[in-house]
């Protein structure tokens with residue numbers, strides 16, 4: 001990769017990592033579900049008028065909006081509001097890679113290979129270590145905040161399966177799936193259910209007061225999450241995948257939990273216990289295992305998918321495209337629609 005693309009990849013990873021710190025700043029003045037709702041509203045408008053609608057059935061991008069918007073980010077914002085540190089959240093959320101593996105095995109009957117099992121085991125040990133540190137009251141982190149963070153990772157894993165279905169549905173129409181379009185149009189879905197949850201979890205007067213008396217820090221957080229992390233991050237990552245093989249781009253996403261920890265430490269002064277550092281290290285090590293020990297078939301599949309569609313790996317640490325198109329199946333059957341797989 002040329003130096004400018006390396007710098008872009010590092011910048012995107014830094015933006016995504018710092019996103020957790022910015023969320024924490026925004027939560028200081030806005031209830032979690034309201035902040036998440038406004039983040040999605042800002043990401044959708046006016047981008048929805050500029051970005052083409054994704055070439056997949058509406059029901060799929062609606063379900064994606066519910067799983068990633070209401071499920072993942074709703075749970076994440078709630079967890080951080082209840083006391084989950086920004087840096088630790090950036091690491092724990094990466095367990096979505098292993099939830100995706102498990103959901104793919106359970107729902108799609110995909111086989112989990114030995115290196116993947118090893119990665120799950122190593123990262124699982126890290127999660128257990130972090131959970132044990134919470135049971136001893138370390139850093140005053142409520143167990144409910146940790147469980148909500150795991151729930152966010154699980155919803156992220158489910159959303160990856162939904163994206164796979166969307167890619168397959170687009171392929172059946174002889175088209176590729178533009179992930180930026182999916183992200184923008186699905187952002188229309190979460191604002192209403194998230195706003196309703198805000199009214200249920202907090203009193204309507206509190207929600208109204210937070211909305212009408214929003215401070216500059218909260219406005220900055222909404223703008224950063226919507227335009228920096230979402231539109232710039234996903235758009236830039238899509239550009240990189242259009243220029244280079246997924247195997248060249250994906251490793252840079254391993255910087256996300258690293259920059260997340262560093263940013264939280266510098267800006268918020270967060271400090272983890274030794275056990276939490278060890279647990280975080282185990283989670284990252286498990287991600288590295290997935291990145292390094294992919295089978296040749298998986299690597300070929302990843303490259304083919306990235307080349308045939310404008311796909312973004314949803315921050316997936318090793319860019320395993322569990323949402324793989326039916327390109328291989330189409331070629332083997334001699335379907336003429338195989339020619340429709342092209343980079344848009």
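Residues of segment 1-21 that are more than 14 Å from residue 262 (Cβ to Cβ) and assigned to a helix (DSSP H, G or I): 3, 4, 5, 6, 7, 8, 9, 11, 12.
If you go through segment 261-280 and pick out every residue that is in contact with a helix residue (DSSP H, G or I) (Cβ under 7 Å, 6 or more places away or on another chain) and either outside any loop (DSSP other than H, G, I, E, B) or at positive phi (or both), you end up with 11.
For residue 83, the criteria (1) within 24 Å of residue 190 (Cα to Cα); (2) part of a helix (DSSP H, G or I) hold in every case but one, which is (2).
Conditions (1) touching a residue at least 24 places away in the same chain (Cβ under 8 Å); (2) outside any helix (DSSP H, G or I); (3) surrounded by 16 or more Cβ atoms within 10 Å (Cβ to Cβ), marked per residue:
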position: 55; (1), (2), (3): yes, yes, yes
position: 106; (1), (2), (3): no, no, no
position: 112; (1), (2), (3): no, yes, no
position: 132; (1), (2), (3): yes, no, no
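The requirement of being surrounded by fewer than 24 Cβ atoms within 10 Å (Cβ to Cβ), free of Cβ contacts under 8 Å to residues at least 60 places away in the same chain and either touching a helix residue (DSSP H, G or I) at 6+ places or on another chain (Cβ under 9 Å) or assigned to a helix (DSSP H, G or I) (or both) is satisfied by residue 117. For a quick check of your reading: which helices (runs of 4 or more DSSP H) sit entirely within segment 154-260 and have at least 1 residues that are closer than 30 Å to residue 293 by Cβ, out of contact with any strand residue (DSSP E or B) (no Cβ under 7 Å at 6 or more places or on another chain) and at pLDDT 85 or above? Correct list: 179-186, 233-243.
When the criteria are applied in full, residue 93 meets the requirement of being touching a residue at least 60 places away in the same chain (Cβ under 8 Å) and under 18 Å from the mean Cα position of the chain (by Cα).
The values are calculated or read from the model by the stated rules, or taken from the named source; none is laboratory data. The shown structure was predicted, so the numbers you read here are calculated from the model rather than taken from an experiment. Every residue, glycine as well, gets a Cβ built from its backbone with ideal geometry; the counts of neighbours run over all protein chains shown.
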